[in-house]
Amino acid sequence: MDAHDTMATGGAPTAIDPVCGMTVEKPQAEAKGLHTVHEDADYWFCGKGCLLEFRDDPGHFLDPAYVPAM
Ligand SMILES: [Zn+2]
């Protein structure tokens, strides 16, 4: 952990949950196991429900026509 980085950006690195569109803090998601790798790209999720949905059918959520929704 480099405290300098977090101070400079004012927060943890974030990612967008591709399933629901929520902003997720990467370290928090990783601590809870809510992270997956699909075709060499990393994805982070707000909760287990989104992670399981994504794993079930990644192509559906990565389709440009898909609009993230809660
Ligand atoms: Zn989500």
**OP:** Report ³J(HN,Hα) in whole Hz for each residue of the stretch 32-43, in order, from the Karplus equation J = 6.51 cos²θ - 1.76 cosθ + 1.60 where θ = phi - 60°; Gly and Pro get x.
**Re:** 9, x, 9, 9, 9, 10, 9, 6, 6, 10, 8, 9
Subject >> Length released on extending from Tyr66 to Ala41, taking residue separation times 0.36 nm less the Cα-Cα span >> reply: 7.2 nm
**OP:** Could you state, as a whole-number percent, how many of the C-alpha pairs of the chain are farther apart than 21 Å?
**Re:** 27
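Using only alpha carbon pairs under 8 Å that are at least six residues apart, calculate the relative contact order of the chain and give it in whole percent. Intermediate results must be reported in sequence, preceding the final value.
Numbers: 84 pairs, mean separation 20.8, N = 70.
Relative CO of the chain lands at 30 percent.
Each value in this text was obtained by applying a stated rule to the coordinates, not by laboratory testing. For clarity, every value in this text was computed on a predicted model and none was experimentally measured.
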